[in-house]
Amino acid sequence: MIIILLFVLMFSLMALGLPIALAIGLPAIGLIVTPGVFPDVVTVAALGQTIVQQLFSGVDSFDLLAVPLFMIAGALMEHGGISRRLIDFANSLVGWAPGGLAAAAIVASMIIAGISGSAAADTAAIGAVVIPAMIRQGYPAPFAAAVVAAGGAIGIIIPPSIPMVIFGFMTNISTSQLFAGGLMVGILLGLSFMTVAVWISWRKGYGQRTPFCWREVAATGRSALWSLGAPVVVLGGILSGIVTVTEAAALAVFYALLVGTVINRELAWKDLPKLIIQSQVAAAGILFIIAMAKVFGWLLAMQQGAQLLDGFVNSLSLPPVGLLLLVMALLLVVGCVMETTAALLLVVPVLALLTPQMMIDPVKFGVLVVMNLAIGMMTPPVGICLFVSCGIANVSLGKISRAVVPLVAVAMLDLLVAALWSPLTMWLPTLIYR
């Protein structure tokens, strides 16, 4: 009964528009201090101490330092001229094809994904440059915004990834292995999105084609050389084991700062305080959600939530593949209606317990969870990548939602492939770490 009331209160507060952190935390805190819920505890002060301990332990992790650091790196990258140079280089490679600029936007998104770990930051960094350029070339604004939103969603799959950092923290799974598992999946998604964008552009005559020129490739490549080096430094350091994820995040900040201020000279020192404050406000929001979710999860555990779920799953008598597909369908729905961090924090502690019944490696499960939530970031009603693209392109959510349907469809097909074909997610982690 307590568990049902907990979820009813949480979703009711979300429906009323309360911030996610408060919608998660307030019902849990209120029920914990309600007389009779914990009859063995005689004082409210003792319960209050438990709540404070859970809030603190929710964010007391060295690994979580990567979250604010990657947020700073994303802000520096967006304003340091990195995204524009990457787009120019990508366009010199694929601009000869139908929909070349759309494909270039996705290529640039995949490269930038190797720096910031944030889908919203990647969408803003690419969209601010490429959406106006696509519109000038004759692409419809909704299509341009949809392509950029899809490319931005790859930002939490190709490492580094803030949701993977959070997943690893919550489940005690190696974040580096999760990063390795997400790399091939992110590349598959990028290639799929490019295929759809080129096919639609060819069929409807969108955009302009530029002749392929080695001289142009060399010129834009030289200009983007330092920008291209960022994901090499960050990913190479993580996957080789030279640095931890948090150390790599600090390295990404230093690298983005160096390139933006000294090499590209497009980032002014006077702008740094504003960028740091903006990025850290966003990071604080994520960490506050994590802290509140810790209280929520503690109450759920105390009320035997895991045992109830296990009994329900056993009553279904589904084979492992059937259970996996059911969980994936549930995650798709959750990703569409709930903010990514909140969804991750609420469903992972419960669903991760089902990995033995699904006969799935925890690393693969982590990649699939993040992939589901990435699809949710490019679907209404709460897809953050859609909202960022809408604001840049100045189009309505309804128009971009129709334009993004083919991209969502191919992303769901890739999700099915990743779920049923383990080498896609497990080959690289096995090769590097086992």
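The values are calculated or read from the model by the stated rules, or taken from the named source; none is laboratory data. The structure presented is a predicted model; accordingly, all values stated were derived computationally and were not measured. Glycine gets a Cβ as well: all are built from the backbone with ideal geometry, and neighbour counts include every protein chain shown.
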Original post:
Name the residues in region 245-274 that are acidic (Asp, Glu) and over 26 Å from ALA180 (Cα atoms), would you?
Top reply: GLU266, ASP271
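Can you say whether SER396 is over 22 Å from MET194 (Cα atoms), polar (S, T, N, Q) and either touching a His at 6+ places or on another chain (Cβ under 8 Å) or at pLDDT 90 or above (or both), as far as the supplied structure shows?
Values: over 22 Å from MET194 (Cα atoms): yes; polar (S, T, N, Q): yes; either touching a His at 6+ places or on another chain (Cβ under 8 Å) or at pLDDT 90 or above (or both): no.
When the stated conditions are applied, SER396 does not pass them.
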Original post:
Got at least one residue in region 311-324 being of a type outside the set (Gly, Ala, Ser), surrounded by fewer than 23 Cβ atoms within 10 Å (Cβ to Cβ), assigned to a helix (DSSP H, G or I) and within 23 Å of the chain's Cα centre (by Cα)?
Top reply: yes
Original post:
How about region 392-425: which of its residues are among the small types (Gly, Ala, Ser), within 20 Å of the chain's Cα centre (by Cα) and over 15 Å from ALA150 (Cα atoms)?
Top reply: ALA418, ALA419
Subject >> Pairs where the first residue, in region 6-31, is at negative phi and the second is among the β-branched types (Val, Ile, Thr) and at pLDDT below 80, C-beta under 6 Å, 6+ apart >> reply: LEU31/VAL37
Original post:
Within region 413-421, can one find any residue that is in contact with a Leu (Cβ under 8 Å, 6 or more places away or on another chain) and acidic (Asp, Glu)?
Top reply: yes
Subject >> Residue that is nearest to the chain's Cα centre (by Cα) [pool: residues in region 113-154 that are surrounded by 24 or more Cβ atoms within 10 Å (Cβ to Cβ) and free of Cβ contacts under 8 Å to residues at least 60 places away in the same chain] >> reply: SER118
Subject >> Scan of region 42-71 for residues that are of a type in the set (A, V, I, L, M) and either exposed (fewer than 14 other Cβ atoms within 10 Å of the Cβ) or under 20 Å from the mean Cα position of the chain (by Cα) (or both), ordered by number >> reply: VAL42, VAL44, ALA45, ALA46, VAL52, VAL59, LEU64, LEU65, ALA66, VAL67, LEU69, MET71
Original post:
Going by the conditions given, is PHE212 of a type in the set (A, V, I, L, M, F, W, C) and surrounded by fewer than 16 Cβ atoms within 10 Å (Cβ to Cβ)?
Top reply: yes
Subject >> Residues of region 168-182 satisfying the condition of being in contact with a Pro (Cβ under 9 Å, 6 or more places away or on another chain) and part of a helix (DSSP H, G or I) >> reply: MET170, THR171, THR175, SER176, GLN177, LEU178, PHE179, ALA180, GLY181, GLY182
Subject >> The lone exception for ILE242 - which of (1) surrounded by 14 or more Cβ atoms within 10 Å (Cβ to Cβ); (2) under 30 Å from THR430 (Cβ atoms) it fails >> reply: (1)
Subject >> Close pairs (7 angstrom Cβ cut-off, 6 or more residues apart or separate chains): under 11 Å from VAL370 (Cβ atoms) and free of Cβ contacts under 8 Å to residues at least 12 places away in the same chain in region 329-344, aliphatic (A, V, I, L, M) and surrounded by fewer than 20 Cβ atoms within 10 Å (Cβ to Cβ) anywhere >> reply: none
Original post:
Among (1) in a helix (DSSP H, G or I); (2) of a type in the set (Val, Ile, Thr); (3) modelled with pLDDT under 85, where does ILE200 come up short?
Top reply: (3)
Original post:
If you take the residues of region 184-239 that are touching a Pro at 6+ places or on another chain (Cβ under 9 Å) and β-branched (Val, Ile, Thr), which of them is nearest to GLY117 (Cα to Cα)?
Top reply: VAL234
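Yes/no matrix, rows are residues, columns are (1) touching a residue at least 12 places away in the same chain (Cβ under 8 Å); (2) on the phi > 0 side of the Ramachandran plot; (3) surrounded by fewer than 24 Cβ atoms within 10 Å (Cβ to Cβ); (4) among the β-branched types (Val, Ile, Thr):
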{"site": "ILE156", "(1), (2), (3), (4)": "yes, no, no, yes"}
{"site": "PHE169", "(1), (2), (3), (4)": "yes, no, yes, no"}
{"site": "ILE173", "(1), (2), (3), (4)": "yes, no, yes, yes"}
{"site": "VAL185", "(1), (2), (3), (4)": "yes, no, no, yes"}
Subject >> Within region 1-117, helices (runs of 4 or more DSSP H) holding 1 or more residues that are of a type in the set (Phe, Trp, Tyr), at pLDDT 85 or above and touching a Leu at 6+ places or on another chain (Cβ under 8 Å) >> reply: 82-94
Original post:
Within region 258-292, restricting attention to residues that are over 18 Å from the mean Cα position of the chain (by Cα) and within 20 Å of PHE167 (Cβ to Cβ), which residue is surrounded by the fewest Cβ atoms within 10 Å (Cβ to Cβ)?
Top reply: ALA291
Original post:
Of GLY186, GLY138, which residue is over 30 Å from VAL363 (Cα atoms) and of a type outside the set (Asp, Glu)?
Top reply: GLY138
Original post:
Out of curiosity, is TYR206 in a helix (DSSP H, G or I) and buried (at least 17 other Cβ atoms within 10 Å of the Cβ)?
Top reply: no
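Under the condition of being crowded, with 21+ Cβ neighbours inside 10 Å and of a type in the set (A, V, I, L, M, F, W, C), which residue from region 347-367 is farthest from PRO159 (Cα to Cα)? Reasoning before the result, please.
Here is the first cut: in region 347-367, the residues crowded, with 21+ Cβ neighbours inside 10 Å are 348, 358, 360, 363-367.
Imposing the further condition that a residue be of a type in the set (A, V, I, L, M, F, W, C) reduces the set to 348, 358, 360, 363, 365, 367.
On the way: VAL348: 19, MET358: 25, ILE360: 21, VAL363: 14, PHE365: 16, VAL367: 11 Å.
Only one residue tops the list, namely MET358.
For SER201, are the conditions met, namely being among the hydroxyl-bearing types (Ser, Thr, Tyr), more than 24 Å from ASP414 (Cα to Cα) and crowded, with 20+ Cβ neighbours inside 10 Å?
Working: among the hydroxyl-bearing types (Ser, Thr, Tyr): yes; more than 24 Å from ASP414 (Cα to Cα): no; crowded, with 20+ Cβ neighbours inside 10 Å: yes.
No.
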